[in-house]
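Okay, so here's the structure we're looking at.
Bear in mind that the values in this text are calculations on the coordinates, not laboratory data. Source: prediction; values computed, not measured. Here the Cβ positions follow ideal geometry from the backbone for every residue, glycine too, while neighbour counts run over all protein chains shown.
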Amino acid sequence: MKKLLIILCGFLSISAIADTKLSIDLSIDKLNFQKPEKGVGKAGTLIFKSANVNNSGIVLNINNVNNYFDSEIFVRPTFLGFTTQFGNFGFPLEAISIINKINKTELQNSKLIFDDNQLNLSGEYFSFFNVETNVKLKNFRLYCQSIENLDEKLDSDAPNDMMSKCLNFLTLNGSFTPENQAATLEYEGNDKDQKTFIQTQINSFDLRKNQINANLTSLKSVRNNSYFITANELNLNCDKDEDLKTVDFDKIKKACLNRLKITPVKVSIVDKVDKSAFNLDVKDVSIKDKIAYLTLNNGSISDPKSATYIYNLLLNIKKDPETDLFDLFQVLKDSISYTRFTVAEIKTTKPDQSDNSVQQIAVSSTNGSLVTSAAVKFLGIKAKVTIYGSIALNESKKQLIITVTDTKLPLGLNSVKLLMYFLKKYIVSKDITIQDNIITIQL
């Protein structure tokens, strides 16, 4: 979305000069742009049906009958030109123009309406390619409201008014034609050693002054061709910084992850490296008042050796405004400070072994003090076990450390040693070690 906004604003700002009022109504059959190898020379073609341009009262109306006005595009670092059989015309460019950062872009069967009040671009196909990013949009409509003051320059020192208007009122959906409902977005990114692919069907995506709303029919994300996430019918609402003037993903993410609402969604996560899979039936996710809430109807975690099933999970943890939910250690720091966690049942199955089931699980952590209770099979009977202790995080070694200090076991027993004996017997994992009364989980 960041690249798409910058490209559109860049194209529409190349002809802007002080005190100029510009309106454009353009029907495009096809636009192909490819940056010349040395940045100078022929750069593609423009084929259009009609163009209506009003530039400060100077009106140009063209119906491109018989394709007389089809154009070849010519570029230099500070100039964008068009060559037709009736003559040449062009526009000066800023040296830092976005045009100079595009490797390749394409528009097919598209319509652009642009004036002081709006940017309305719809099309059958749009693509953008550069060294780091590939973006494709199919059957889409992008609308920004109240875009004006085109005399501002596209530079890094002053925010562009066109961009700030889009960031306060933007809608992306699939209403390219009346019968079309969803737009298709594909994104490929190369960031150092990480490759990301995202494909989604968008019913609607809305940026407003202080919030973001998204309704996605489907979402697929692939990282390094090994980590796959898929989701269906994703509905999201979150906060947005109302003073945002430029596309700043760090600011957008921070505001969104401090007031967030996601309604029921089913998510599948597959890690081909660890050969594990997660399937989650999420009832609700929300973040507000510095607390993150998760309600899970059910879920499963599986690998080649076992499968674990989770039923009716409720989770509340602290969410500091500065915490990035994509940073595991920041999340764990918050959860140690405050966690309330309940699960109706966790059941583990392994080949050639009887199923193990733990029920009525409750976990409470406050400032590192930990209380856990559950109904488990202990000495042949099903009974409640309560564990008291502390929990800490060793960031340098990437370890979560639980120290058990007391227990309440069935039959009136209170024995930390006895509890640790059974934990060693039944917990088998290369990432969990138990030594005396200390449980170490390698993250």
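Miscellaneous remarks
- Where labels lie 7 Å past Cα in the beta-carbon direction, separation of residue 443 and residue 291 in nm: 2.3 nm
- Note on the stretch 384-443: with charges restricted to the Cβ of Lys and Arg (+1) and Asp and Glu (-1), its dipole about the Cα centre is near 180 debye.
- Temperature 20 °C, viscosity 1.002 mPa s: under these conditions the Stokes-Einstein estimate for the stretch 391-443, based on its Kirkwood radius over C-alpha pairs, is 180 µm² per second.
- Farthest toward the positive end of the dipole of the chain, out of 22, 262, 144, is the Cα of 262, where the dipole comes from beta carbon charges about the Cα centre.
- The label point for residue 364 and the one for residue 417, both projected 7 Å from the Cα toward the Cβ, are 3.0 nm apart.
- Computed over the stretch 25-93, the Cα gyration tensor eigenvalues convert (square root of 5λ each) into semi-axes of 22, 15, 10 Å, ordered from largest to smallest.
- Extension gain (nm, one decimal) between residue 382 and residue 228, 0.36 nm per residue minus Cα-Cα: 51.6 nm
- The chain: calculated mean residue ellipticity at 222 nm from DSSP helix runs of at least 4, using -39500 (n - 2.57): -3000 deg cm²/dmol
- Cross-link pairs exceeding 32 Å between alpha carbons, from the set 192/251; 283/417; 266/397; 195/347; 35/192; 253/397: 283/417; 266/397; 195/347.
- Comparing the chain with the 2.2 N^0.38 Å rule of thumb, its C-alpha radius of gyration ratio is 1.28 (two decimals).
- Distance from the stretch 299-367 to the stretch 173-222 (C-alpha centre basis), Å: 30 Å
- The length gained on full extension between residue 67 and residue 117, counted as 0.36 nm times the residue separation minus their Cα-Cα distance, comes to 15.0 nm.
- If you plug the beta carbon distance of residue 146 and residue 305 into 1/(1 + (r/R0)^6) with R0 = 51 Å, you get a FRET efficiency near 0.30.
- Net length gained if the chain between residue 208 and residue 246 were fully extended (0.36 nm per residue, minus Cα distance): 12.3 nm
- Taking 389, 39, 57 in turn, the Gaussian network model of the chain (Cα-Cα springs below 10 Å) assigns the largest fluctuation to 57.
- Over 19 Å apart at the Cα level, from the set 254/288; 136/245; 30/136, are 136/245.
- The modelled label-to-label distance for the pair residue 127/residue 221, using points 7 Å beyond Cα in the direction of Cβ, is 2.5 nm.
- Highest average first, the peptides 111-117, 390-396 ordered by how many other beta carbon atoms sit within 10 Å of their residues are 111-117, 390-396.
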